[in-house]
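Student: Take a look at this one; I'll ask things after.
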Amino acid sequence: MTGPVLPAPWQLPFELAWEALRAGSRPIGAVLLDGAGRPVATGRNRSQESTAPPRQLAGTAIAHAEVNALAQLPAGGRYENHRLYTTLEPCLLCSGALIHSHVRHVLYAASDPYWTGIEHVPGVGGQIAARWAHRQGPAAAPLAAFSVLLMDLWAVRHAPSGLRNQADDSSVALARHCLTVDGILDALSVETVYRLALPHLHPHRRGPEGKHLASPPPR
């Protein structure tokens, strides 16, 4: 099957996000690239799982994708020229992990409305301001919308009670519709999911500054 494909830097983060969703965890994936653009560490959310690879977390609320990727870096290294690609905007926990890991660049596909205003944290000054990672995101549509869709798919399947006040939200409605599209839930590759979902994605699903309109439970 041919058709639209995810941009090269985003293929692995989204593959990890889809792997997380299929395992029951929140669909967030992260990949750390070195200065030459080579992957040096990967991680995905494992909050709803019982096992994880060495140096990664599972079965805890802090088993975030970015933390699991950054935890693989040897202590004492300097990673200012590395770039972290993540499918969802880093939360406060992951932002702290970026600071301690000396990673200075992060690119995220979709904004996280639960952390609106996090860009003001460096205003406290000190080492937080000096070592705060430069953020680039959200990505252009439809990539941002696809990241949001994965989060909504997880919420509809695993945390529907958290969406009870958003029954008529277009974002949630789209996720529910995509659950009925043949092949999506059974897809082994996120590229297949992307091709199947793309015709249903629309730019209006993103609010101001790319923030998505639905708010699934926080990761």
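Student: Counting residues that are within 19 Å of Ala69 (Cβ to Cβ), which helices (runs of 4 or more DSSP H) fully inside the range 98-204 reach at least 3?
Tutor: In the range 98-204, 143-158 are the helices (runs of 4 or more DSSP H) which contain 3 or more residues that are within 19 Å of Ala69 (Cβ to Cβ).
Student: Moving to a separate point now. Considering each residue of the range 62-92, count those that are closer than 21 Å to Glu19 by Cβ, within 15 Å of the chain's Cα centre (by Cα) and surrounded by fewer than 17 Cβ atoms within 10 Å (Cβ to Cβ), and give that number.
Tutor: Matching residues across the range 62-92 total 1.
Student: Would it be correct to say that Ser147 is touching a strand residue (DSSP E or B) at 6+ places or on another chain (Cβ under 6 Å) and not assigned by TED's automatic domain parsing to the domain that holds Glu19?
Tutor: Considered against the rule, which asks whether it is touching a strand residue (DSSP E or B) at 6+ places or on another chain (Cβ under 6 Å) and not assigned by TED's automatic domain parsing to the domain that holds Glu19, Ser147 comes out as yes.
Student: Hey, can you tell me all the residues within the range 78-93 that are not in a loop (DSSP other than H, G, I, E, B) and not polar (S, T, N, Q)?
Tutor: Arg83, Leu84, Tyr85, Leu88, Leu92, Leu93
Student: Do you know which residues across the range 32-46 are assigned to a strand (DSSP E or B) and among the basic types (Lys, Arg)?
Tutor: If the condition is that a residue be assigned to a strand (DSSP E or B) and among the basic types (Lys, Arg), then Arg44 is the only one that fits.
The values are calculated or read from the model by the stated rules, or taken from the named source; none is laboratory data. All of these numbers come straight from a predicted model, not from anything done at the bench. With ideal geometry, Cβ positions are generated from the backbone for all residues, glycine too; neighbour counts draw on all protein chains shown.
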